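The values are calculated or read from the model by the stated rules, or taken from the named source; none is laboratory data. Bear in mind the structure is a predicted one, so any value in this text is a computation, not a measurement. Here the Cβ is made from the backbone with ideal geometry for all residues, glycine too, and neighbour counts use every protein chain on show.
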């Protein structure tokens, strides 16, 4: 008896498991829902922005000596002297863009940065003295200290895609350079030329 009851119970479970499949075949599939494709909207690159940057700066400067004491004859050798410098630069920038058409923009940007460093040159550029012992090398120095730099630029751009902006920019730039010269007054120095 126990064996028959178990068989009936197992058959009942099997019947319940198959029933949903039979009912599902009788239900109609839902009608498809049609939607319009989204309208492409150009991204708005307009507005205020601010940021920072790190990079390298290449500075080119020259020292030209134009006046010497009477006992010193100017020379074209090493005159002008190059005081070029490459340094690490840290800076920041800010700007504003205006969207003037669906894909065109106008903007303005300013930046400021610093990549300090001092360039030293010896001897004094263009110095050769009559009767001078040596040429002042190691005694006479000219220096260029490179300070901050900055610029202000206008921009015209075209939005190619939500993540690409192609633009042209132009403006003015400044760089602070402080120059100085020194000598130690030794016999070979420009500060102590021999008298004729």
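Overview of values
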item: Strands (runs of 3 or more DSSP E) contained in the range 1-102 and holding at least 3 residues surrounded by 10 or more Cβ atoms within 10 Å (Cβ to Cβ) and at pLDDT 70 or above; result: 47-59, 85-99
item: Residues (touching a residue at least 60 places away in the same chain (Cβ under 8 Å) and within 26 Å of residue 88 (Cα to Cα)) located in the range 172-196; result: 175, 177, 179
item: Hits in the range 107-163 - residues which are over 27 Å from the mean Cα position of the chain (by Cα), modelled with pLDDT under 85 and surrounded by fewer than 17 Cβ atoms within 10 Å (Cβ to Cβ); result: 130, 131, 133, 134, 137, 138
item: Subset of the range 164-192 that is over 23 Å from the mean Cα position of the chain (by Cα) and part of a strand (DSSP E or B) - its residue that is surrounded by the most Cβ atoms within 10 Å (Cβ to Cβ); result: 183
